[in-house]
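The values are calculated or read from the model by the stated rules, or taken from the named source; none is laboratory data. On a predicted model such as this, the values are computed, not experimentally measured, just so you know. All Cβ positions, even for glycine, are placed from backbone atoms using ideal geometry, and neighbour counts span all protein chains on display. Accessible surface areas use protein heavy atoms only, side chains included; no ligands, DNA or RNA. Shrake-Rupley method; radii C 1.70, N 1.55, O 1.52, S 1.80 Å.
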Amino acid sequence: MKEVTLSIKGMSCASCAKAVERSLAEVPGVQTAAVNFGSETAVVRFDPETTSLSTLCRSVEDAGYGVLLETRVFPVSGLSCASCVAGAEKALRAVPGIMEATVNLGTSEASVSYVAGVTDLAAMRVALAVVGFDIPVTAAEEDVLQRDIRLRQESFSRLKTHWLLGIVLTGPILLLHHWDLFGLGRVIPIPPRLSALIQLVLCTPVQFYVGLPFFASAWQAARHGTTNMNTLIAIGTSAAYLYSVAATFFPGLFEVSGYSAEVYFETAAAIIVLILTGRVLEARARGRTSEAVHKLLGLRPKTARVIRDGQETEVPLETVAVGDRVVVRPGERIPVDGTVLQGTSSVDESMVSGEAIPVEKARGDPVTGGTVNQTGAFHFRAEAVGKQTLLAQIVEMVRRAQGTKPPIARLADKVAAVFVPFVLAVSVLSFLVWYAVGPEPKLTYAMLAFVAVLIISCPCALGLATPTSIIVGTGLGAEKGILIREGSALETAQRIDTLILDKTGTLTTGEPRVTDVMPVGAQTAESVLQLAGSAEMNSEHPLGRAIVQEAVRRGLSLSEPTDFESLTGFGIRASLNGKEILIGNEGIAAAHGVDLSEQGGHLARLSAAGKTPMILSVGGRMAGVLAAADTLKPGAKAAVAQLKGLGLRVVMITGDRPETAAAVAGEVGIDEVLSEVLPQDKAAEVQKLQTRGRHVAMAGDGINDAPALAQADVGIALAAGTDIAVESADIVLMGDDLSRIATLLRLSRATIRNIRQNLFWAFAYNVILIPVAAGVLYPFFGILLSPIFAAAAMGLSSVTVVTNALRLKRVDLGQPVGA
């Protein structure tokens, strides 16, 4: 299966999103399709053997909408004849995401139309290189951030132009409609018929140009047998406009005992302007929901310095290739991922790890694109570029999560699917009731109630309730080093009551470290560590490396052993200054006749504490005992305490023996331990808890954790872990800080609470105001809601939902958040 994210254009409400989603889901080979109105994207999972990207695009067009396509023209070098053109075009058309490609031999240029976000210039360059052509490095590509900002600005600019024109034309209409009310009739009397004609002239461009997007969308939906929010607006404003046209030219039809014909051009025009006002405010607010992704993308430099043909050259970032030698100077951002070749420096990796302390870098150390070089200059080899860099993968993960739907969104989808037909039925019923039993002028009252019901009913608020909160929540998580891969995981996380933590690499560092040095006889701790470190200098065993690292850390000088032998299963033997040095377990001591009688109690105590004791003998005599253990990560104990404070049942799982597991669990504050669990059995342990009705999250970092991560209700992987663990998880934590799990749970609870607030107000708004618009208060209080006020309320509801979602940005994730 392949997954693709399409940018959809033309959607204006939840009903639109549902129509696109339904059309995509009906395409053969599509497994799932989730359309997010808030982010205007469709995440489609499909079988590429059964269907194609072009088929998916056609299905969106068949639903009356469109897939955002980019068109760019760039130079192609190496073209010399017509067959070159044919070869280049064939190579480009074979790139996934490219819909059309034309190559012009005369200008040596290619014009390509492709699905935005699916492919890029780097992929086109690779495709052309295979057939012997090239795109010059000067042809830099507009990145995702620039494109997203540009498209949003263009869309907002068009919307604003329509809105401003509507204001300019509607102002005089309102003035003319209330001419006598303002007392202007005494100064400049205007006959009613002339006033109506002037209003008609002014209202017509508002109705059919300013309001054109509403009519176009409604017509597209009608062509495919569906309705949407724009259907309500188009019908409502058309009813007011056509009624007023008829009253202007045929006033006698509406004149009844004591009542003269009224025109409602101001109603039609004001409704369009007010709804556009709401959409302008909504678009501005929605633009802020994706700020987190923009911030991430903004971490990338625009250019990089590479050494080519012996010369240092500044090139666009998109043209950096794997294998390039890249130069980084003090204070610059590292452009791509790679490995240091020359020089030393300290690098601020807080973007990835969350740690403020810079990390020292030297030859052979990895560096990450987007991180900031601090003091020194260095050269490194580019090893991951474009979409393969860690930063690009983080951005893609966040964007994908923002485009997916949590289960809570299904309720809004179901309501939106039937909402517009229901509203149409209520509006027609209101019209008939008013026309049948309402006071005179019946037709006028019936028309006003009909329009008010249509206009005030707003599925936009329902459609925005979930996606805006998810976009803000996942973006906030990314800023905190928590990458949420699926919107559904954000909802599921707030139900978690049991957390399983893998021991090695999750709670602990995953590498042994010397914890105890116990001298015997005349030896000191320093002399014991110096002797052991010298003997282990050539050892490749993890315990041997731990001894050497501890000796170096303490600043001890080590000597090269003259002889070295690894005794598999026991330890090592070395010669140092003419003396035989032995380091190992009790077996090596017994084999060489070393007396352990006086140290037996110490050895047993260290073993019981979950540590690995190592005996040091010099010249056949006991010289000391060293112990090593896989130590806890800094902050692990505090993180576990936070998780317990949130009401979670915390369980540690490990393949270690019970004694070692119990010692680590006791140190970190975990009461429940699953020890001696084989890798293949971890998923079964998760399943056992689930069958008991527990909602289980699993956190791990290794290949052996992947099945358990996939089995858990929420799988949480540490980004420092293996690729397979990360791929199996729903949520990825950057760095090793386990306190981010508590932050995740608080974020999840806050986000779902925010969604519930949005859904409540969206539902309550319609439940309360639709009957008011229909006129149920008129018999009791004489209140009939004006369509103009209905339009203002409708726009306000959408703005309220988006504004409430933006409140998430101010949530304090450092303190517990109520469920």
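What to note about this one:
- Sequence of PHE156, PHE214 when ordered by accessible area, the most exposed leading, probe 1.4 angstrom: PHE156, PHE214
- For the stretch 9-106, the orientation-averaged shadow of the C-alpha convex hull comes to 7.6 nm² (one quarter of the hull surface).
- Note on SER59: accessible area approximately 10 square angstrom, rounded to 10, probe 1.4 Å, nucleic acids and ligands left out.
- Protection proxy ranking, peptides 64-74, 440-450, 302-312, average beta carbon neighbours within 10 Å, highest first: 440-450, 64-74, 302-312
- Rounded to the nearest 10 degrees, the inclination of helix 459-479 to the longest alpha-carbon principal axis of the chain is 20 degrees.
- Top positive-direction residue, dipole computed over the chain with Cβ charges, set ALA382, PHE431, THR339: PHE431
- Long-range HN-HN contacts of VAL67 with modeled amide H, under 5 Å: LYS9
- Rolling a 1.4 Å probe over the protein heavy atoms of the chain, with every protein chain left in place, gives an accessible area that is 57 percent carbon and sulfur.
- In a simple Cβ point-charge model (Lys, Arg +1; Asp, Glu -1; nothing else charged), the chain has a dipole of about 2540 debye relative to its Cα centre.
- Crossing angle, helix 144-177 versus the chain [Cα axis fit, 0-90 degrees, rounded to tens]: 20
- Aspartates and glutamates whose Cα lies under 15 Å from that of LYS18, excluding same-chain neighbours fewer than 8 positions away: GLU26, GLU40, GLU61, ASP62, ASP413
- In order along the stretch 130-135, phi translates into HN-Hα couplings of 4, 9, x, 10, 8, 9 Hz, rounded to whole numbers, per the Karplus curve 6.51 cos²θ - 1.76 cosθ + 1.60 with θ = phi - 60° and x for Gly and Pro.
- If you take the alpha carbon atoms of the chain and fit the smallest convex hull around them, that volume is 224 Å³ per residue.
- Only helical runs count toward this figure. For the chain, summing -39,500 (n - 2.57) over DSSP H runs of n ≥ 4 and dividing by all residues gives -15000 deg cm²/dmol at 222 nm.
- With a 1.4 Å probe rolled over the protein heavy atoms of all chains, the accessible area of VAL618, VAL451 falls in the order VAL618, VAL451, largest first.
- Placing pseudo-labels 7 Å out from each Cα toward the beta carbon at SER111 and HIS541 gives an inter-label distance of 7.2 nm.
- For SER346, residues with placed amide H under 5 Å, excluding near neighbours: LYS361, GLN374, THR375, GLY376
- Taking 0.36 nm per residue of sequence separation and removing the Cα-Cα distance, the SER597/LYS637 pair yields an extension gain of 10.8 nm.
- Note, ³J(HN,Hα) from phi for the stretch 751-764, Karplus 6.51, -1.76, 1.60, rounded to Hz, x at Gly and Pro: 5, 5, 5, 5, 4, 5, 4, 4, 5, 4, 5, 5, 5, 4
- The chain: angle of helix 409-437 to the longest principal axis, Cα-based, in degrees nearest 10: 10
- Descending semi-axes in whole angstrom, ellipsoid equivalent of the stretch 450-554, from the Cα gyration tensor: 62, 13, 11
- When you count the other C-beta atoms within 10 angstrom of each residue and take the mean per peptide, 776-783, 541-548 line up highest first as 541-548, 776-783.
- Probe 1.4 Å, protein heavy atoms only - accessible area per residue of the stretch 588-689 in square angstrom: 44
- Counting only protein heavy atoms and using a 1.4 Å probe, the accessible area of ARG513 comes to about 110 Å².
- Of LYS503/LYS579; LYS387/LYS637; LYS633/LYS682; LYS387/LYS633; LYS688/LYS809; LYS644/LYS809, pairs whose Cα-Cα distance is over 28 Å: LYS503/LYS579; LYS387/LYS637; LYS387/LYS633; LYS688/LYS809
- Between the residues ALA34, ALA641, ALA683, the greatest Cα displacement towards the positive end of the dipole of the chain, with unit charges on the Cβ of Lys, Arg, Asp and Glu, is found for ALA34.
- Estimated vicinal HN-Hα couplings, Hz - the stretch 380-385 in sequence order (Karplus 6.51, -1.76, 1.60; Gly, Pro = x): 9, 8, 5, 10, 9, 10
- Proximal lysines relative to LYS160, as straight alpha-carbon distance under 26 Å, when same-chain residues fewer than 8 apart are discounted: LYS9, LYS295
- R0 of 41 Å, Cβ-Cβ distance VAL428-GLU100: FRET efficiency to nearest 0.05: 0.35
- Placed amide H near GLY510: partners under 5 Å, 5+ positions off or other chain: GLY505, THR631
- Residue (of ILE455, GLY544, GLY715) at the positive-pole extreme of the chain, dipole from beta-carbon charges: ILE455
- When both bridge partners sit in the chain, DSSP labels roughly 80% of those beta bridges antiparallel.
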